[in-house]
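Q: Pasting a structure here, questions to come.
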Amino acid sequence: MAALIAAIELKRKGYVEYEGAPYHCLDIDVSRPTARGGQTLVRIKMRNLLTRAVFDRTFKAGDKLKEPDLVRVPATFQFADGTGQHFMDLATYDTLTLSDDMVGDDRLFLVDNLEVQIQKFNGNPIGLQLPVIVELGVAHTEMGSRGDTASGSVTKAARLETGLEVRVPLFVNEGERVKVHTETREFAGRA
């Protein structure tokens, strides 16, 4: 049986099951009453892990929510085709398939043998968690010229091997490998 968590005990970036679906708590705001007899309310900005919808819900501090049956399994990206993105479970060597809707724009970070965490809810894969930094090759970028830095524009656009577009410093050239932060989608250094 799943454990119950009081709404006041929920933490940012935590997980909870609500109305039969798993949710990721993006932000939590606790409002304490100033008057006697008022109730403490917990407003949670949460993302449904099945539909990716984001919304706010308000709970009383004592409301109990279920802990979801979420499991993360390490996997490596294998390939993509018309049916979705295919990963190999590193523990069982099974193939796990996530639809394009489940992966979303995160597919722009997927390169062969990239190690990720696949989230499973009640035994079924529902999403993936990327590493914080991913190394990608620069497929195309303009040459930086020496006088560009005086104008204050010290970055240039670069298209990476997966199609992702990021801003990189002038010294980065085509064919080099760069590190990209997966949450902010920003340049994080040379690889």
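The values are calculated or read from the model by the stated rules, or taken from the named source; none is laboratory data. For clarity, every value in this text was computed on a predicted model and none was experimentally measured. Cβ placement follows ideal geometry from the backbone for every residue including glycine, while neighbour counts extend to all protein chains displayed.
Q: Condition first: of a type in the set (D, E, K, R), closer than 21 Å to Leu50 by Cα, without any contact (Cβ under 8 Å) to a residue 60 or more places away in the chain and assigned to a loop (DSSP other than H, G, I, E, B). Can you find one or more residues in the stretch 97-105 that meet it?
A: No, the stretch 97-105 contains no residue that is of a type in the set (D, E, K, R), closer than 21 Å to Leu50 by Cα, without any contact (Cβ under 8 Å) to a residue 60 or more places away in the chain and assigned to a loop (DSSP other than H, G, I, E, B).
Q: Wholly within the stretch 2-59, which strands (runs of 3 or more DSSP E) include no fewer than the required count, namely at least 2 residues that are among the small types (Gly, Ala, Ser)?
A: Because the criterion is at least 2 residues that are among the small types (Gly, Ala, Ser), the strands (runs of 3 or more DSSP E) in the stretch 2-59 that meet it are 21-31.
Residue-by-condition table, conditions (1) among the basic types (Lys, Arg); (2) farther than 12 Å from Glu135 by Cα; (3) modelled with pLDDT of 90 or more:
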site: Gly152; (1), (2), (3): no, yes, no
site: Val166; (1), (2), (3): no, yes, yes
site: Leu170; (1), (2), (3): no, yes, no
site: Val180; (1), (2), (3): no, no, yes
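Q: Residue by residue through the stretch 164-187, note down the ones that are under 18 Å from the mean Cα position of the chain (by Cα) and of a type outside the set (Val, Ile, Thr).
A: Leu164, Glu165, Lys179, His181, Glu183, Arg185, Glu186, Phe187
Q: Next question. Taking Thr76 as the residue in question, decide whether it is surrounded by fewer than 17 Cβ atoms within 10 Å (Cβ to Cβ), of a type in the set (S, T, N, Q) and either farther than 25 Å from Arg177 by Cβ or in the same structural domain as Asp29 (by TED's automatic domain parsing) (or both).
A: no
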